[in-house]
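The structure appears right after this line, and notes come after that.
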Protein chains: 2
Amino acid sequence: MRRISDYSAQMEKAVRDITLPGGVLSTLYEPISYALASGGKRLRPSLLLMAADSFGDSASKAFSAAAGIEVFHNFTLLHDDVMDNSSTRRGRQSVFAKWGVNSAILSGDTMLTLATQLICEVEDSLLRGVLDTFNSMAIRVYEGQRLDMDFETSEDVTLDDYIRMIMDKTGSLIGAACKIGALIGGASEKDAEKMYEYGMMLGVAFQIQDDWLDVFGDSTTFGKPIGGDINNNKKSYLVLKGKEVGGPDSVALAEAMKLPSGETKVKVVTRIYEKMNLSAICRQEIASYSAKAISALKSTSLSDEDKEAFRNVVEKLTGRKK
Amino acid sequence: MRRISDYSAQMEKAVRDITLPGGVLSTLYEPISYALASGGKRLRPSLLLMAADSFGDSASKAFSAAAGIEVFHNFTLLHDDVMDNSSTRRGRQSVFAKWGVNSAILSGDTMLTLATQLICEVEDSLLRGVLDTFNSMAIRVYEGQRLDMDFETSEDVTLDDYIRMIMDKTGSLIGAACKIGALIGGASEKDAEKMYEYGMMLGVAFQIQDDWLDVFGDSTTFGKPIGGDINNNKKSYLVLKGKEVGGPDSVALAEAMKLPSGETKVKVVTRIYEKMNLSAICRQEIASYSAKAISALKSTSLSDEDKEAFRNVVEKLTGRKK
């Protein structure tokens, strides 16, 4: 059976093989090489390749588009790190911290156009459909990032707002990767749309899982310090759900969120989350979006074995194994 | 005869007619509307429309692509203003100054994708050719901006480096506008390339003219304070040419450039430029690139009247009328 990890390994090599100009322009291209060499899961391009193979044994025709999706993803990280003032990324200095704001902006812009060029390498008959999917996705990602930033200074954010934001910011990119792979594999428009929905729902489940891990995860495997969202007053699934429930626990949570950042705040808030049973509620929500992803998958014309392969991705990303 | 000013008026309306989402996403789209409503010459899209009309009476088919070129141009201004720390643009606050760095970055990113979407509205048979021209141009513009930034801290910049930089940063966009218009008008590949060269050379002449106006222009029509390049130690055509000439005047110029910013510095440097006859040398260079633009134009299959219309643009932009 196909395994996402096989595609991740192929993508890792494909991304490292991207050659960029050097010489006098190394100030533009070195930050790009650095960003692309920083690893990460290569989840999005791997899903694209697996979709291309599943619908038409076409992974070999999909490498450029897969690389385009990965370059796009990394472009958003370069600019997000400036906007969020983040100095680290995947355990190393961010491009913003290492080369400054101007390099992060301009090398990021270059990556967006490079990504578009890679996407354009599909064959003529697919060009418009693939590009439309890519461009619409990009707009949704910017809209999601804008909402995410606006949420920081808003007290009126609801759970619905939050779900919309992560659908835009996270879901749309994973959805577009799956859809583009399907299109390159020769999928019907209906199947391609179902694969978009699969990726979208997987992305939402994955993002809520990330919020859960931020509180209840294991710091050695999570890759970030536990409690970061609490200390940064981030509008996470947990804090918004805790607010929505109402009653004295919600009031206590709102008060606890006003504590100064630090270990005490993380402990107090976590204790309230536990009292409100938010860990289990959150895991139910992850399971619900995972089920939606699998339901979309079931309605495609993929073989049972290929469906199983994509179902395994959902379980791997949202399952018990952290 | 066709006149560029007729197309500018049409573009002004077309750009103002672009409708963008509002509501909760006004934080993303309001800076874009603001930037697009700030006027400017609309030179690039007007050239695109005039080329489409000249080769095939196709301006009506070229409006989206023309709008795409204008949105792209304004995207570069949003990001350039962050990188150059510029608080004003066309006599108003820059987006960066009005809404901050994050808005300028993210609304700029959105404009780049919107521009690509507008470019994609050409008919299927033209899609790949037009997109390739657009994407390659975008990469050159980023490379030019990178070189321009790197020049600020380099003492080794030559006139050749400078010409390369303005070809990338300014020439390529005007060249691509002319080429895309020609392609939409049904021009042959050879004619489209010649129109690219016309626009490229026009762009170089135009940029050197801008450097000349910065010293010898009239502040009421130039739109910027005279002597800005001198006070900002910008590597302009004049200062690089003055350095290249060598001899005691070059030494005096290098010394004068070390003076503190202010009226005295502008006066002293201007006097040395005059002594070195740099105004006339600079005007010769503008004339030389204008001649190259017109030479490219002559080798196209356009009618004499259409050639005349494009020649008038060169004369209007680089001629005696400031």
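The numbered conditions (1) assigned to a helix (DSSP H, G or I); (2) surrounded by fewer than 24 Cβ atoms within 10 Å (Cβ to Cβ) are all true for A:Ala177 except (2). Which residue is nearest to B:Met149 (Cα to Cα), if the candidates are limited to the stretch A:118-134 and must be of a type in the set (A, V, I, L, M), more than 7 Å from chain B (Cβ to nearest Cβ) and buried (at least 18 other Cβ atoms within 10 Å of the Cβ)? Only one residue fits best here, namely A:Leu118.
Summed over the stretch A:245-284, residues that are closer than 20 Å to A:Ile163 by Cβ and either basic (Lys, Arg) or modelled with pLDDT under 95 (or both) total 3. When restricted to residues that are in contact (Cβ under 8 Å) with a residue 12 or more places away in the chain and either exposed (fewer than 13 other Cβ atoms within 10 Å of the Cβ) or at positive phi (or both), the stretch B:304-313 contains 1. Residues in the stretch A:1-30 that are more than 19 Å from A:Leu317 (Cα to Cα), part of a helix (DSSP H, G or I) and acidic (Asp, Glu): A:Glu30 alone.
Entry remark, the stretch A:21-53: residues being buried (at least 16 other Cβ atoms within 10 Å of the Cβ) and within 14 Å of chain B (Cβ to nearest Cβ) number 7 in total. Counting only residues that are touching a Leu at 6+ places or on another chain (Cβ under 8 Å) and either of a type in the set (D, E, K, R) or at pLDDT below 95 (or both), the stretch B:26-54 holds 1 of them. Selection within the stretch B:185-219: residues that are of a type in the set (S, T, N, Q) and in a helix (DSSP H, G or I). The member of this set that is surrounded by the fewest Cβ atoms within 10 Å (Cβ to Cβ) is B:Ser219. Every listed requirement among (1) free of Cβ contacts under 8 Å to residues at least 40 places away in the same chain; (2) β-branched (Val, Ile, Thr); (3) outside any helix (DSSP H, G or I) is met by A:Val122 save one, (1).
Pick from the stretch B:146-182 the residues that are within 14 Å of chain A (Cβ to nearest Cβ) and under 23 Å from B:Leu126 (Cβ atoms): which of them is farthest from the chain's Cα centre (by Cα)? Going through the qualifying residues, I end up with B:Ala176. Here B:Thr76 qualifies as closer than 22 Å to B:Phe206 by Cβ and at pLDDT 95 or above. Select from the stretch A:54-101 the residues that are over 16 Å from the mean Cα position of the chain (by Cα), without any contact (Cβ under 8 Å) to a residue 40 or more places away in the chain and assigned to a helix (DSSP H, G or I) and write down the one among them that is farthest from the other protein chains (Cβ to nearest Cβ). Going through the qualifying residues, I end up with A:Ser60.
Counting only helices (runs of 4 or more DSSP H) that sit wholly inside the stretch A:220-291, those with at least 3 residues that are surrounded by 15 or more Cβ atoms within 10 Å (Cβ to Cβ) and either in contact (Cβ under 8 Å) with a residue 60 or more places away in the chain or among the polar types (S, T, N, Q) (or both) are A:237-245. Restricting the stretch A:54-101 to residues that are among the β-branched types (Val, Ile, Thr) and more than 20 Å from A:Asp6 (Cα to Cα) leaves a set whose member that is surrounded by the most Cβ atoms within 10 Å (Cβ to Cβ) is A:Val95.
Residue count for the stretch A:31-50 satisfying the condition of being over 18 Å from A:Leu173 (Cβ atoms), free of Cβ contacts under 8 Å to residues at least 60 places away in the same chain and part of a helix (DSSP H, G or I): 1. When B:Ala138, B:Ala104, B:Ala115 are checked against the criterion of being in a helix (DSSP H, G or I), surrounded by 18 or more Cβ atoms within 10 Å (Cβ to Cβ), touching a residue at least 60 places away in the same chain (Cβ under 8 Å) and more than 7 Å from chain A (Cβ to nearest Cβ), B:Ala104 stands alone in meeting it.
The values are calculated or read from the model by the stated rules, or taken from the named source; none is laboratory data. Small disclaimer: the values here were computed from a predicted structure and weren't measured. Counting neighbours? That spans all protein chains shown, and the Cβs are built from the backbone with ideal geometry, glycine included.
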